[in-house]
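Note sheet for the following structure.
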Amino acid sequence: MRYATALCVLVFAAACGGGSEKATTAPANQPAPAPQIPLANLPKIEPAAILDRIKVLASDEYEGRAPGTKGEELTVQYLENELKKLGLKPGNTDGTFIQKVPLVGITAAPAKPLTITKDGSKQVIKWRDEMVAWTKHVADSASIEDSDLIFAGYGVEAPEFNWDDFKGVDVKGKTIIVLVNDPAVPDPSDPQKLDPKTFGGDAMTYYGRWTYKFEEGARKGAAGILVVHETGPAGYPFSVVQGNLSEKFDLVTPDKNMGRAAIEGWVTLDAARKILKMAGQDFDALKKQAATRDFKPVPLGLKASLAIRNTLRTIDSRNVVAKLEGSDPDHKDEFIVYSAHWDHFGIGAPVKGDKIYNGAADNASGVSTVLEIARAFTQVKPAPRRSILFLLVTAEEQGLLGSQYYSVTPIYPLEKTLANINLDGLNQWGRTSDLVLVGLGASELDDYVKAAAAEQNRTIKPDAEPEKGFYYRSDHFNFAKQGVPALDPDTGTEFVGKPPTYGKQKRDEYTNNDYHAPSDEVKPDWDLTGAADDADLFFAVGYRVANADKFPEWRPGNEFKAKRDGMLKK
Ligand SMILES: [Zn+2]
């Protein structure tokens, strides 16, 4: 019955939920609406097929799939073979299934400590205890020397919230001190709470993430960027920040990351207080000012110097990429991208005698599901109007690097990429009557998800902990950041035929025992029927976006909307 799909298109198009009355009013660059097949008539995802491929990828033979190891060789070969067997085309325009991803491992050590001076007096801020810093420059060393220090509030420029901490002040070559998290703007009707209309209230926006602070500082041309660490707002202690002093991987960009600030780092709250005091300023007073739109950068009259020495190691890793060509000659150069990271931690410290970090749930399950969705796409005739890209990325566990590489060096233009659907960690515990969508409310893609879920008699729920900023922590985020609407599905929480506490219990078990541990392996009690339901849903979503009469958009107020609108105007 699976093959009823083609019949549906050819014979019963109107009854299949289509309708062509809008055809004449569609803009010239948009296809007319396609007949949309009901989810029940689309090819079905097979739970057993998902499990079979997970078993291969998560086997000990694949050694935990670390980038740059034998595990990568086996994984990349396997994925390429599977994609070829499905009859898909090479995803790269050079005729291969590979996008090379150059990675560099950087270990920073201090060559000269952070020294703050003011008219002859000086203060040394202790490396590791009071501050940590690194450079993303792919170079043996980096430094700032007598660089003017400026307090730049939260270091945010957010047009959609009419917010600009820089106010045109030139910070080129200077060193900025910025606060972590979103600007803490009080709710005018209840000052004890955060204003839900500005920076999402309690929910974190990307402007709150520390990665944003370094990116924005670099865009403004700062030579040094120091984020003030506060345990509460950051959500983790300074010891986590100190972890940056071990080897960190990054992409080798064409400019060898020279577009980044020379120095990126954190200072403890106490160190920040000391530095500001030296300038005759008070941290708490400045922080209060920084939570207002009127805030202007404060030149501190101090100079900062610091030098770093790097140890470098390069690795050539790979994204695996395949394409299903769209059936509409006018629109086959437009894409929907499915992604999942193939990498995991490889061989590491043994736990209970096991040293292979198999990564069965994280993320053999996502990769295997994308392959199953790819198979389903090959069975829909005719193919959707737009093309579908299946992108299996490397180095997610090292900081979303494979997807970042694709997003800044895309094979197909991002202004012609309608959506990204990323799968990371599928449900292993059976059917659910709901589905959690992290970042629910961000874009019109939600409408597709809700419609498909309704056809499965399921409901969509938002992420229960939006203040933790989960939306910014998986591969889809790199697409979002570049303006492409992106979906970040999580598993459902209400398991069919199970007590209400079952979902939380299973999830806690996974988090406490198996997450990023050698025991993330295929378990005898795995039930992938729920994962297959989710895959059916996201297959339908991608298929429908690929046939839609318009590009999905970010909702007003979303932090990525301005970028997307600018990109589509060109
Ligand atoms: Zn992981």
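Looking only at the stretch 428-440, residues that are more than 16 Å from the ligand (Cβ to nearest atom) and either in contact with a Gly (Cβ under 9 Å, 6 or more places away or on another chain) or not in a loop (DSSP other than H, G, I, E, B) (or both) come to 9 in all.
Can we say Val178 is β-branched (Val, Ile, Thr), modelled with pLDDT of 95 or more and assigned to a loop (DSSP other than H, G, I, E, B)? No; evaluated as a whole, the condition is false for this residue. I'm checking my understanding of the structure. Among residues of the stretch 542-570 that are under 15 Å from Asp447 (Cβ atoms) and assigned to a helix (DSSP H, G or I), which one is nearest to the chain's Cα centre (by Cα)? Checked the stretch 542-570; the qualifying residue nearest to the chain's Cα centre (by Cα) is Gly542.
Comparison of Gly71, Gly87, Gly95 shows that the only residue that is outside any helix (DSSP H, G or I), in contact with a helix residue (DSSP H, G or I) (Cβ under 6 Å, 6 or more places away or on another chain), farther than 23 Å from Thr311 by Cβ and of a type outside the set (S, T, N, Q) is Gly87.
The residues of the stretch 351-390 that are part of a strand (DSSP E or B), away from the ligand (no atom under 16 Å from the Cβ), among the aliphatic types (A, V, I, L, M) and touching an Asp or Glu at 6+ places or on another chain (Cβ under 9 Å) amount to a single one, Ile388. Leu440: under 20 Å from the mean Cα position of the chain (by Cα) and surrounded by 23 or more Cβ atoms within 10 Å (Cβ to Cβ), yes or no? Answer is no for this residue. Summed over the stretch 19-62, the residues that are more than 15 Å from Arg375 (Cβ to Cβ), at pLDDT 50 or above and not aliphatic (A, V, I, L, M) give a count of 9.
Which of the residues belonging to the stretch 297-322 are surrounded by fewer than 16 Cβ atoms within 10 Å (Cβ to Cβ) and under 30 Å from Asp187 (Cα atoms)? If the condition is that a residue be surrounded by fewer than 16 Cβ atoms within 10 Å (Cβ to Cβ) and under 30 Å from Asp187 (Cα atoms), then Pro299 is the only one that fits. Quick one: count up the residues across the stretch 476-501 that are more than 16 Å from Gly530 (Cα to Cα) and either open to solvent by less than 10 Å² (accessible area, probe 1.4 Å) or outside any loop (DSSP other than H, G, I, E, B) (or both). Selection size over the stretch 476-501: 12.
Among the strands (runs of 3 or more DSSP E) confined to the stretch 219-331, the ones with at least 3 residues that are closer than 30 Å to Leu74 by Cα are located at 248-251, 298-324.
So which pairs qualify, if the first residue must be in the stretch 339-366 and without any contact (Cβ under 8 Å) to a residue 12 or more places away in the chain, the second must be assigned to a strand (DSSP E or B) and open to solvent by 30 Å² or more (accessible area, probe 1.4 Å), the Cβ gap must be under 9 Å, and the two must be at least 6 apart or on different chains? As it stands, the answer is Ala349/Lys355, since those pairs meet every condition given.
Pro196 meets each of the listed conditions (1) free of Cβ contacts under 8 Å to residues at least 12 places away in the same chain; (2) not in a loop (DSSP other than H, G, I, E, B) apart from (2).
Just checking, how many residues over the stretch 100-128 are under 24 Å from Phe249 (Cα atoms), touching a residue at least 24 places away in the same chain (Cβ under 8 Å) and open to solvent by 10 Å² or more (accessible area, probe 1.4 Å)?
Step one: of the stretch 100-128, the residues under 24 Å from Phe249 (Cα atoms) are 100-114, 127-128.
From what's left, touching a residue at least 24 places away in the same chain (Cβ under 8 Å): 100-114, 128.
Next, only the ones that are open to solvent by 10 Å² or more (accessible area, probe 1.4 Å) stay: 100, 102, 106-113, 128.
Here the count works out to 11.
Listed here are the residues, each with its yes/no results for (1) touching a residue at least 40 places away in the same chain (Cβ under 8 Å); (2) under 23 Å from Gly402 (Cα atoms); (3) of a type in the set (Phe, Trp, Tyr).
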site	(1), (2), (3)
Pro186	yes, no, no
Ser189	no, no, no
Ala203	yes, no, no
Lys213	yes, yes, no
Thr231	no, no, no
Gly235	yes, no, no
Leu251	yes, yes, no
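Among the residues making up the stretch 477-520, those that are within 16 Å of the ligand (Cβ to nearest atom) and polar (S, T, N, Q) are Asn478, Thr491, Thr511, Asn512, Asn513, Ser519.
The values are calculated or read from the model by the stated rules, or taken from the named source; none is laboratory data. Quantities reported herein were computed from a predicted structural model and do not represent experimental measurements. Note: ideal-geometry Cβ built from the backbone for every residue, glycine included; neighbour counts use all protein chains shown. The area values use the complete protein model at the heavy-atom level, side chains included, leaving out ligands, DNA and RNA. Shrake-Rupley method; radii C 1.70, N 1.55, O 1.52, S 1.80 Å.
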